[in-house]
Amino acid sequence: MTDQGAAAAPDQASGPVPGPDGKLRCPWGLSAPEYLPYHDEEWGRPVRGDTAIFERLCLEGFQSGLSWLTILRKRENFRAAFAGFDAAAVAAFGEADVARLMADPGIVRNRAKINAVIVNARAALGLPGGLTALVWKYAGEPAAAPRTLADIPATTPASKALSTELKRHGFTFTGPVTAYATMQACGIVNDHLAGCFARAA
């Protein structure tokens, strides 16, 4: 997980730790109540479908410079504000929608990031094979499981290549770190630590 701003950030050198049910988990998954279901049920599990991947790409862009916990807590508000991250609907947003979003206290009110979601929705609609196909072609052979949080990179050659291709298609706020976080969130890479129960779940 590339989020460096988590509340009560665990020791980067630590390996899996037991949760309340005794199962070993990545330590960040126990650092706040909201992280537990996200870690156990979603992060690192394969996600397909353009809307689902577009949502994660947008949320990772909003996370830039913030804690992922902040984004998780506002996730339902983001979904409501951005038409469920339906790219066709978001692509049609205009200045009135930007003004509405900038006045919405339930989301992160950053004009550049809001505009990026709209720009990216239009770019996603223009992808010849769709967003799922573009993102998933960067899935490589499964790598060795990281043993500690310190073993998890912020970027990889694949995330840099994905970022470059997204930008070539007109996407913005999709740098290599955001691209890698999206790959993690969509299960394109599995960065659950060795010993974490969710790695093999």
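Pick out the long, greasy-scoring helices in the chain: whole DSSP H runs spanning 20 Å or more along their own axis by Cα, mean Kyte-Doolittle at least -1.0.
Working: long enough: 111-125 (22 Å, 0.69).
Both cut-offs are met by 111-125.
Peptide packing: for 94-102, 20-28, 123-131, 174-182, the average count of neighbouring Cβ atoms within 10 Å per residue gives the ranking 174-182, 20-28, 123-131, 94-102, highest mean first.
Charged side chains reduced to their Cβ positions (Lys and Arg at +1, Asp and Glu at -1) give the chain a dipole of some 320 debye around its Cα centre.
Each part reduced to its alpha carbon centroid, the range 74-89 and the range 163-189 end up 19 Å apart. Taking every C-alpha pair closer than 8 Å and separated by at least 6 residues, the mean separation divided by the residue count of the range 152-201 gives a relative contact order of 32 percent.
Considering the dipole of the range 104-201 built from charges on the beta carbon (Lys and Arg +1, Asp and Glu -1) around the Cα centre, which of Pro157, Thr174, Asn110 is farthest to its positive end? So the residue furthest toward the plus end is Asn110. Peptides 165-173, 136-144 ranked from most to least packed, by the mean per-residue count of other Cβ atoms within 10 Å: 165-173, 136-144.
Counting pairs on different chains as well as pairs 8 or more places apart, how many Lys pairs in the chain have Cα atoms under 24 Å apart?
5
Rule-based calculations on the coordinates, nothing more; no lab input. Computed from a predicted structure; not experimentally measured. Heads up, the Cβs are rebuilt from the backbone with ideal geometry, glycines too, and the neighbour counts pull from every protein chain shown.
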